[in-house]
Amino acid sequence: MLSPVNVSIESLNLMTLVPMLIPIVGALLILVIDLFKSEQDRSLYVMLSLLILGVDFISLMDSASVFHKNGTIMGVFDVMLIDGLAILSQFIIVGASMLFIPLALTHKRFHEFSYPEFFALFLFMIAGFQFMVATDNLILIFVGLETASLALYTLIAMHNRDKSFEAAVKYFTMGALAAGFFSFGSMIFYALTGSVEINQIAEVLSANKYADIGFVLVGVVFLLASFGFKLSIVPFHTWTPDVYEGSSAALAGYMSIVPKIAAFIVAMRIFEFLIHSGVVWLEVILYIFVVMTMTLANVWALVQTDVKRMLAYSSISHAGFVMAAILIGTTQSNSALFLYWILFSFTNLGSFSMLWISRQKNLPAHQQSDHSYNKFAGMIKTAPVAASIMALFMLSLAGLPPFGLFWGKMYMVSSAITSGYTVLALIMVLNSAIAGYYYLKLIVYMFMREPIMEDSGHIYSANATLPLKTIIGIAAIGTIFAFLAINQLLEFITMFVYNSGY
Amino acid sequence: MLDHILSILIFFPALAAMLGFVVHKDSMRSYGVAVATIEFALSLWLWFAFDSTVSGMQFMEQIALVPTFGINYIVGVDGISLFIVILASFFTMIGIASLGETKDIKNLIITLLFLQMTMAGVFSALDAIVFYVFWELSLVPMLYIIGAWGGPLRIYASVKFFLYTFAGSLVMLVGMLFMAYFYFQATGEWSFAILDWYRLILPESFQLWLFAAFFMGFAIKVPMFPFHTWLPYAHGQAPTIGSVILAAILLKMGTYAFIRFSLPLFPDASVYFMFPIAILAIIMIIYTAMVAYAQKDIKQVVAYSSVSHMGVIILGTFALNVEGITGSIFLMIAHGVVSGALFFLVGVIYDRRHTKYMSEFGGLAHVMPRYATIFGLMMMASVGLPLTINFVGEFLSLLGFYKQSHILTLLAGTAIIVGAIYMLAAYKKMFFGVVTKEENKNLPDVNKRELIALIPLAIITVWLGIYPKPVLGTINTSVESVVSLMHEKAQTQEAKSRIPNIAKEASAAKNSVEEAH
């Protein structure tokens, strides 16, 4: 007979669950609304989602202030772990989602947004990511990861084009493989240490001085492969461009930001202690991965003929750049990761949204793909404002000061220098120079070529509505005036990262 | 208002450019001229208010930007940067005023005003990151000017220009971050302020590496041999106004940065690299002069001659004494005026004939006498004829380097003779002889709009050639403080002996005067 469990409710700290429960409840609410009165306009769901995410954001601010006062909080049988990393990454996740969701209000009607399920799934996905970053427990990480991924596969497929199905299936297959690798890796660590909590694993491993280094390495290989798929680290990146191409531009932009930050946090939690414990092999392999991801993705991006695919490769390269932070593993580099990613989300979401508003419903005969370079030729003549904004995002992605991403890049390179990774720092900046070429290529097409389209520039904002323009405006302002906010951001991030012991 | 004059100089053109979007395109030219004239008047006021007896920074402003990481908006000018700031606003003014009929003139003027912002920013920034921001930002308007208004190969030329410089300056950024890290290690605080860095004495081995990192950024910008390959393309394809600004101001960013960063921060490394760089500079002078002689295109001749003279500036800078550095700064201004004017002149003939091949011309002196006169004057100045502006700068630069090495200076001196050969040959081909081509018989002489640009440049060329003192004296004061700072900071014996001790020299001079009495 089971003995009754005696746990006081206070010790469970159920408050730690609130930020994740809000989107779940919201998603259920949307489903219920659909149940009672279907055929509602999508604007209702967009606004509801926005409200729910807003409430989520406020609850995050609440836990941030609690963290600020009391430090790291554990809850729900010590499964939940609310530390600075969890809070910062949830800010990014929820914030980017709030920027993303109004993009559903396009001028043309697209298939996926007419289903309320889209928005419910979207909110479930956010809850999944939030679980993933706010725990130390490999099982809960897995649960969060799978919740989020399954929802995301469906979101991609709902775009309802041949390429989207292909993308969704591809992503699903790769995701399943990654999930398998993850569970294998976790299993090995559990077998070694008898625990699924990362800090316990670290303690046990360092207590027996990494006696079973062979098994540790096998476990690390599995986990590395799994995160390689999720973060699209070269050579596990092959799915990324196809999936980005198949999904709608807005969703592709979203995918380049939110799933990755969640995976970065988990990678940071797992690999940081392994690197610091002196597993040299891991450091070498991460070094190689970082350099390969940055460089090869850049080279592939050079030869793309479609802007969206170019941006897909460029976001792989950016992920490699940021992966360097985990390799370096100092407080400065981890803060740089967050700074970089916040600035990156503005710029990248902005640039994908620019593609999104120029999306045609059907491809014209002379166009090979949705966003070929030729489409943007001579854009300055026909749509000067849109061209300038697009150029702004490209310059920011290239790391040109004083636009947003430059500050992230600078801080990241500085963190490499401070920790003695001089060669890495040089590789990082030289990659930025290579990347300059393909960002410039789009600018060249927009500003220096003659228009090919007979259209009078309407095409570049065919989908634009006030909400979309607002989002792009926010992204543009965030990119231009980033330099005014860097100081506060940096102080805030550094404090949170430092207080969580990273 | 004087307290913030530098910020006004930097951001006024940017603000005006923003508002320029609203101005109707028929009135744009007047708007541009008005704005640029105000800017130039402000910069003249800066000169008027500038105290030329003070060697340090003046009109300093400081606003915290990212204080956690030691980045602050700090600007200020001293004798070294003052005249380049004035020159930049001057060229923007006459550049806009003399603009010919071009397509999209509104966009062009807005771009030029943005460019003026970045130029004023680079030469007055006293924080490395702020400097870097303007330095990189200056690439964008130039990219657009070359890429949108250039010749048939404009896209290749503009992208090459951008990427070359971008790659170099990213390496420089690594150097800057390293420098800030050293400062952090030494003092426990982050700082990117150049004046803070001046106080830092680095071990020689670090200096060498950092010098190399900064060198990458600066040398590509100058451009020094063997990084000069982007420049002929850029000049060849750029529209007249682009070439003028590029040659007159943008290239000076590199040489200016050598004096602002490399010399005072790394005195030992500067001495260590003095001869390698001097040899590069001499190769640059001689080689590009020979290449210039082989050109068929007059614009390429001017472009290569401009590179060649940049070599003399580098040589003067790395003389590491007061004469050399003062001379090189003066030569920067002189080179700006003269090569800017030459590019204007090439533009004049290109507007009329739409060709730049010298073989297409001949006997132009008969058809366009005024044009031939101004071209002759500027060519003589470029060759370095005494009583023209270039002569003063070249003479001082070479004099400075003569103290370091006689042989190398002699080599550089012969290059000036080569310069005379190709310039005179080009002049002969274009202006003397009989008019062979039918099209050339009825070419109109320079018109009023072109004279607006050319007359002031001609006046400056002669005026500063005859009486350079007002400019030279101010430069000299600031250079002396730089050299004495370098002497103090130098650690190796070699460096101490190569960089003269100004205080000692001054007292020695005083003693000798007293003895004479």
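So here's what we get for this one:
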| quantity | calculated |
| --- | --- |
| Rounded to the nearest 20 debye, dipole of the stretch A:11-499 from Cβ charges on Lys, Arg, Asp, Glu | 1020 debye |
| Only Lys, Arg (+1) and Asp, Glu (-1) charged, at Cβ; the stretch B:1-264 dipole about Cα centre in debye | 740 debye |
| Computed helical MRE - 222 nm, chain A, DSSP H runs ≥ 4 contributing -39500 (n - 2.57), nearest 500 | -24500 deg cm²/dmol |
| Surface/4 of the Cα convex hull for the stretch B:212-319, nm² | 6.1 nm² |
| Label-point separation, B:Thr355 to A:Met292 (7 Å along Cα→Cβ), nm | 5.7 nm |
| Peptide A:474-486 - average C-beta neighbours from other chains (10 Å radius) | 1 |
| Against the rule of thumb 2.2 N^0.38 Å, how large the Cα Rg of the stretch B:359-464 comes out | 1.31 |
| Under 24 Å between alpha carbons - lysine pairs in the stretch B:1-264 that sit 8 or more apart or on different chains | 6 |
| The stretch B:1-264: translational diffusion in µm²/s, Stokes-Einstein, Kirkwood Rh over Cα pairs, 25 °C, 0.890 mPa s | 129 µm²/s |
| Cα-based reach from B:Lys441 at 19 Å (exclusive), listing aspartates and glutamates while leaving out same-chain residues under 8 positions away | B:Asp351, B:Glu360 |
| Set of aspartates and glutamates with alpha-carbon distance to A:Lys108 below 14 Å, sequence-local pairs under 8 removed | A:Asp41 |
| P(r) of the stretch B:266-327 over all Cα-Cα pairs, binned every 5 Å from zero, in whole percent | 4, 20, 22, 19, 14, 10, 6, 3, 0 |
| Distance from the stretch A:68-143 to the stretch B:159-238 (C-alpha centre basis), Å | 42 Å |
| Between the stretch B:357-430 and the stretch A:382-397, the alpha-carbon center distance in angstrom | 44 Å |
| Charge dipole of the stretch B:1-264 about the Cα centre (unit charges at C-beta), most positive-ward option of B:Ser138, B:Leu153, B:Pro223 | B:Leu153 |
| Neighbourhood net charge (15 Å Cβ-Cβ; Lys/Arg +1, Asp/Glu -1) for A:Leu440 | +3 |
| Three semi-axes of the equivalent ellipsoid, chain A, Cα gyration tensor, whole Å, largest first | 36, 27, 21 |
| A:Tyr115-B:Lys469 pseudo-label distance in nm [points 7 Å out on the Cα-to-Cβ vector] | 8.7 nm |
| Alpha carbon convex hull of the stretch A:163-275, volume per residue in cubic angstrom | 89 Å³ |
| Charged-residue dipole, Cβ positions (Lys, Arg, Asp, Glu), chain B about Cα centre, Debye nearest 20 | 1460 debye |
| Cβ-based exposure ranking for B:Phe166, B:Phe275, in which fewest neighbours within 10 Å come first | B:Phe275, B:Phe166 |
| Hull-based mean projected area of the protein assembly as shown, where the convex hull spans the alpha carbons, in square nanometres | 47.0 nm² |
| Label-zone membership for the stretch A:83-103, site A:Asn199, 7 angstrom Cα→C-beta point, backbone N under 18 Å | A:83-89 |
| Aspartates and glutamates whose Cα lies under 18 Å from that of B:Lys469, excluding same-chain neighbours fewer than 8 positions away | B:Asp51, B:Asp78, B:Glu323, B:Glu394, B:Glu480 |
| Cα-based Rg of chain B normalised by 2.2 N^0.38 Å, two decimals | 0.95 |
| Most positive-pole-ward Cα, B:Ala128, B:Ile455, B:Tyr73, against dipole of the protein assembly as shown from beta carbon charges | B:Ile455 |
| B:Glu488 versus B:Met18: modelled label distance in nm, points set 7 Å from Cα along the beta carbon direction | 4.1 nm |
| Neighbouring partner chain Cβ atoms per residue of B:166-173, average, 10 Å criterion | 6 |
| Fraction of the pair-distance distribution of the stretch A:56-104 above 12 Å, Cα-Cα pairs, percent | 64 percent |
| Helix runs (DSSP H) in chain B reaching 24 Å along axis by Cα, Kyte-Doolittle at least 1.6 | B:79-97, B:274-293 |
| Rounded Å value of the spacing that divides the Cα centres of the stretch A:183-206 and the stretch A:318-359 | 30 Å |
| Furthest towards positive pole of dipole, A:Ile52, A:Ala267, B:Leu485, structure part the protein assembly as shown, Cβ charges | B:Leu485 |
| Share of pairwise Cα separations in the stretch B:273-467, more than 20 Å, in percent | 53 percent |
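Every read-out reported here was derived from the displayed coordinates using simple, explicitly stated rules and does not represent laboratory data. The structure presented is a predicted model; accordingly, all values stated were derived computationally and were not measured. Reconstructed Cβ throughout: ideal geometry from the backbone, glycine too, with neighbour counts over all protein chains shown.
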